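The values are calculated or read from the model by the stated rules, or taken from the named source; none is laboratory data. In this text the structure is predicted, and so the values were computed from the model without any measurement. Note that each Cβ is placed from the backbone with ideal geometry, even for glycine, and that neighbours are counted across all protein chains shown.
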Amino acid sequence: MSTAITFSEYGAPEVLRPTKIPQPQPGRGQVRIKVKAASVNPLDLKIRSGLMAKAFPASFPLIPGLDAAGVVDAVGEGADVVVGDEVLGATVGGSYSEYALLERPVAKPAALPWDVAASLVTVGQAAHRVLDQLGVEAGHTLLVHGAAGSVGYIAVQLAVARGVTVIGTVGEQDIERVTALGATAVRYGDGWAERVKAAVSEGLDLVFDASGAGVLAGSVALTDEAAKVITIADLSAQQHGVRFSPGTADRGGQALPELVRLAADGRLTVPVWRTYPLTEAAQAHADLEAHRNRGKAVLLP
């Protein structure tokens with residue numbers, strides 16, 4: 001038996017409780033890892049609260065969590081790793097646990113800390129995916145809403161590396177952080193569209209909304225075309241003719257090896273705000289819901 005965090009009803013963070021469960025057994029192509037770090041993503045909070053019940057119907061009890069990094073301790077038939085390998089990836093059946101299953105593990109370089117490795121998976125792939133979906137190329141001017149958030153922060157770095165002019169909406173406290181990435185940071189809130197216009201000399205080409213802060217109508221107005229805007233966080237996208245790119249769209253992990261190399265080489269920064277013991281998962285959820293974090297929250301079993 002091992003310890004996992006589970007919930008058996010939708011609700012507030014307090015529904016998350018430590019539970020003793022049998023260790024999961026890897027199927028064909030899967031590996032079991034002893035989890036060293038598990039990332040807490042905004043989608044975890046939405047699933048736990050029931051906000052995503054239609055899209056992700058739960059079969060209770062449920063182990064939350066999408067991403068983990070750890071050491072392989074059991075290998076299913078056909079898996080291309082060996083016991084003792086250090087890996088990361090998207091989990092099958094949840095990551096808030098002492099042991100978890102991965103289907104497509106990616107090798108973790110020694111230079112990549114465990115908490116960063118676990119934090120990179122969903123947010124890194126989301127940033128990479130949306131930039132590709134928008135067709136972001138050198139010479140474009142891109143607006144990133146939520147540029148200081150976990151996905152936006154990575155998107156800014158990847159876009160700047162492509163030779164893109166990046167404008168990022170952020171809170172006052174994050175202007176220096178995002179400016180240091182090579183972007184032009186503007187304060188979000190009332191009047192954000194006017195501030196963006198003032199910062200863009202030759203017009204805006206594309207918009208990546210990673211905030212879900214009710215900015216879609218204004219973003220479409222700035223680009224004059226809804227097809228130039230993608231959101232990963234605003235469920236009203238269809239009302240504005242905007243594409244919604246779901247957070248689980250790239251569980252295959254095609255971009256993950258590249259992201260891992262960039263992070264291990266120091267060319268991609270993934271800010272980890274705080275780590276928590278596994279048993280404090282409810283507190284991690286509460287802190288994220290209260291927007292106390294400035295970076296990723298990570299559970300350490």
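Observations on the model:
- Meets criteria (within 23 Å of residue 210 (Cβ to Cβ), touching a strand residue (DSSP E or B) at 6+ places or on another chain (Cβ under 8 Å) and modelled with pLDDT of 95 or more) for residue 40: yes
- Only one of the listed residues (134, 101) is in the same structural domain as residue 65 (by TED's automatic domain parsing) and either crowded, with 24+ Cβ neighbours inside 10 Å or of a type outside the set (Lys, Arg) (or both). That residue is 101.
- Tabulated pairs, the stretch 104-133, first on the phi < 0 side of the Ramachandran plot, second of a type in the set (Phe, Trp, Tyr) and surrounded by fewer than 24 Cβ atoms within 10 Å (Cβ to Cβ), C-beta under 9 angstrom, 6+ apart or interchain: 108/114
- Among the residues of the stretch 108-123, those that are aliphatic (A, V, I, L, M) and surrounded by fewer than 22 Cβ atoms within 10 Å (Cβ to Cβ) comprise 110, 111, 112.
- Every condition in (1) in contact with a strand residue (DSSP E or B) (Cβ under 8 Å, 6 or more places away or on another chain); (2) free of Cβ contacts under 8 Å to residues at least 24 places away in the same chain holds for residue 34 except the one numbered (2).
- Of the residues contained in the stretch 83-94, one or more are found to be at negative phi, touching a helix residue (DSSP H, G or I) at 6+ places or on another chain (Cβ under 7 Å) and in the same structural domain as residue 292 (by TED's automatic domain parsing).
- Evaluation of residue 51 against the conditions (1) within 27 Å of residue 232 (Cα to Cα); (2) touching a residue at least 12 places away in the same chain (Cβ under 8 Å) shows that the sole unmet condition is (2).
- Taking the criterion of being surrounded by fewer than 19 Cβ atoms within 10 Å (Cβ to Cβ) and among the acidic types (Asp, Glu), the residues of the stretch 167-178 that qualify are 172, 176.
- Residue 127 meets each of the listed conditions (1) surrounded by fewer than 22 Cβ atoms within 10 Å (Cβ to Cβ); (2) within 28 Å of residue 58 (Cβ to Cβ) apart from (1).
- Annotation note: of 80, 85, the sole residue that is more than 23 Å from residue 150 (Cβ to Cβ), surrounded by fewer than 17 Cβ atoms within 10 Å (Cβ to Cβ) and acidic (Asp, Glu) is 80.
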